[in-house]
Amino acid sequence: LHSCASYGALAKLLRNATTRGRAFQRRIRLHTAQRAPVVFSWTRSSPRVHLSNGNPVETWTSYGTLDLDSGRFRPSDRRLEGLLELLGAFDRDPVDVAASYGRETGECCFCQRPLTDPRSVRAGYGRTCAKSNGLPWG
């Protein structure tokens, strides 16, 4: 992985989501093309988003951090096939990546709740999460 990779649009989306939402802690669950889970987690008080497998502490694996100010990704020594491709796609088109995940899994990548409203199923995420993340819906 390249430590010089920068994802400014993605960092801006996550930074805006932090200021829009009411939750102190935020989490986004996606997966690589190889179906490996990638969880983005951060708090309002931290300028960094941690990327991991999202597992409990005993089996938790860090993939690196994304700085919300610069957009710079700093990988850990743990390599995950498809991670840079996922970050690049999410940086270029977050609506498409979030929607694809929701349609494939039947759950919202932002809140991990099942998508039941037909409009949410089509969008790939629900109305509340669309508003919290500044994304189109319906």
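Derivation of every value follows stated rules applied to the coordinates shown; laboratory data play no part. Keep in mind that what you see is a predicted model, and the values were worked out from it rather than measured. When we count neighbours, we look across all protein chains shown, and the Cβ atoms used for this are built from the backbone with ideal geometry, even at glycine.
With r defined as the distance between the Cβ atoms of R113 and E85 and R0 fixed at 25 Å, what FRET efficiency is calculated, to the nearest 0.05? According to the calculation, E is roughly 0.40. Spherically averaged projected area of the convex hull of Cα atoms, the chain: 7.7 nm². Just from its helices, what would the mean residue ellipticity at 222 nm be for the chain, if runs of 4 or more DSSP H residues each count -39500 (n - 2.57) and the sum is divided by every residue, rounded to the nearest 500 deg cm²/dmol? That comes out to -10000 deg cm²/dmol.
The charge dipole of the chain, taken about its Cα centre with unit charges on the Cβ atoms of Lys, Arg (+1), Asp and Glu (-1) only, comes to about 520 debye. Taking amide H positions as modeled 1.01 Å from N, with prolines and chain starts lacking one, the residues under 5 Å from V38 and 5 or more places away or on another chain are L30, H31, T32. Potential lengthening of the chain between T105 and T19 amounts to 28.2 nm, from the contour at 0.36 nm per residue minus the alpha-carbon distance. The magnitude of the dipole of segment 1-80, with charges of +1 and -1 set on the Cβ of Lys/Arg and Asp/Glu and taken from the Cα centre, is near 300 debye. Taking the Cα centre of segment 93-138 as origin and assigning +1 to Lys and Arg Cβ atoms and -1 to Asp and Glu Cβ atoms, the resulting dipole is close to 220 debye.
Within segment 69-138, the trypsin sites (Lys or Arg not before Pro) that combine a DSSP coil assignment with at most 15 other C-beta atoms in a 10 angstrom radius are R78, R79.
Converting phi to 3J(HN,Hα) with the Karplus coefficients 6.51, -1.76 and 1.60 and the offset θ = phi - 60°, segment 38-51 yields 10, 10, 9, 9, 6, 10, 4, 7, 10, x, 10, 9, 8, 9 Hz in sequence order, with x at every glycine or proline.
Under 1.5 on a/c is rounded, so check that first for segment 93-138, then, if it is not, pick prolate when a/b is larger than b/c and oblate when it is not; a ≥ b ≥ c are the square roots of the alpha carbon gyration tensor eigenvalues. Rounded.
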